[in-house]
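Here is the structure we will look at, set down as structure tokens.
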Amino acid sequence: MDYKIRPFTTKSEEGNTIRGIIVSPKNFTGKLPAIVMSHEFCANMWTTFRYARKVVNDGYVCFCYDFTRSGSGISGGSSIGMSAVQESRDVISVLRYAQSCDFVDKDDITLWGCSQGGMATALAAPEVEDEIKRIILYYPALSICDDARKGSMITARFDPQNPPEKFWCAIVHVASNYCTDVIDLDPYEQICKFKKPVLLIHGTKDHIVNVSYSREAAEKYPCCEYHEFPAEHVWVGGGAKKAVAFTRDFLRNNK
């Protein structure tokens, strides 16, 4: 792999610092199509970097970053206040930064998100549809709205009609808006307004986000390429290789 990495910093709509890396071909001239890559819950930019380094040699520049309220990265802000809706605003903030870079082809920008970052990406996409060309969703956490309504979000259990002001969810401390921001959302009504090409990939053995959520989204998106294979929620090894192969084909076929 022949790529280079350089850091970038920008601001979120809230005024928090977003930090990330730009992954690009080592030697290039002119403008390149860009990809904004958004990571999973309790993860950071390095989980998306492993995908970025596979596509840069196809002529893309990738913006991998840490959500401002991830609680597990190097961007500003604590995990208190995190939600899929809040993270969708960070997606747009990084998109705006990418658009400001003189080496980016502003007519060819992709949003790519994984798990909760996939949900955030899907929520952001309809708002900026005129500014992007396509989206890529890996095991998107479209179950998060139903989970909030059940009062069962990852490891947290609570009364959904009266969520606690703060609570632990896996290894991070979140506020009530982690639930309340999504509890009344119909995810499909929100995300499937996006009419441009969508690549959606999900593992059939996913025990965190059931594959049925992506199957339903694939039916409701106007223009969706859908793939599934036997895999858990976060892919390693063969699963990741399959997904990247599907992704590279999707990018080539949707110029």
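The values are calculated or read from the model by the stated rules, or taken from the named source; none is laboratory data. Just so we're clear, the structure is a prediction, and the values are computed from it rather than from any experiment. No Cβ is skipped: glycine too gets one built from the backbone with ideal geometry, and neighbour counts run over all protein chains shown.
Among the candidates Leu111, Leu95, the residue that is modelled with pLDDT of 95 or more, out of contact with any Lys or Arg (no Cβ under 9 Å at 6 or more places or on another chain) and farther than 23 Å from His173 by Cβ is uniquely Leu95.
Give the residues of the stretch 198-255 that are touching a His at 6+ places or on another chain (Cβ under 8 Å), among the acidic types (Asp, Glu) and farther than 22 Å from Thr110 by Cβ, sorted by residue number. Of everything in the stretch 198-255, those that are touching a His at 6+ places or on another chain (Cβ under 8 Å), among the acidic types (Asp, Glu) and farther than 22 Å from Thr110 by Cβ turn out to be Asp206, Glu232. Condition test on Asp181, is it charged (D, E, K, R), modelled with pLDDT of 95 or more, closer than 24 Å to Gly81 by Cα and crowded, with 17+ Cβ neighbours inside 10 Å? For Asp181, the condition - charged (D, E, K, R), modelled with pLDDT of 95 or more, closer than 24 Å to Gly81 by Cα and crowded, with 17+ Cβ neighbours inside 10 Å - is met.
Report yes if some residue within the stretch 36-52 is assigned to a helix (DSSP H, G or I) and under 15 Å from Gln190 (Cβ atoms); otherwise report no.
Within the stretch 36-52 (the criterion being assigned to a helix (DSSP H, G or I) and under 15 Å from Gln190 (Cβ atoms)), the answer is no, since none of the residues qualifies.
From the list Phe194, Phe167, Phe246, the lone residue that is under 17 Å from Ala124 (Cα atoms) and hydrophobic (A, V, I, L, M, F, W, C) is Phe194.
Residue pairs whose Cβ atoms lie under 7 Å apart, sitting 6 or more positions apart in sequence or on different chains, and linking a residue in the stretch 205-224 that is surrounded by fewer than 18 Cβ atoms within 10 Å (Cβ to Cβ) to a partner that is part of a loop (DSSP other than H, G, I, E, B) and basic (Lys, Arg), are Pro222/Lys195; Cys223/Lys195; Cys223/Lys196. Here Ala156 meets the list (1) buried (at least 17 other Cβ atoms within 10 Å of the Cβ); (2) in contact with a Phe, Trp or Tyr (Cβ under 8 Å, 6 or more places away or on another chain); (3) under 23 Å from Ser79 (Cβ atoms); (4) touching a residue at least 60 places away in the same chain (Cβ under 8 Å) almost entirely, failing just condition (4). Of the residues making up the stretch 110-159, just one is under 20 Å from Pro222 (Cβ atoms), out of contact with any Asp or Glu (no Cβ under 7 Å at 6 or more places or on another chain) and among the basic types (Lys, Arg), namely Arg134.
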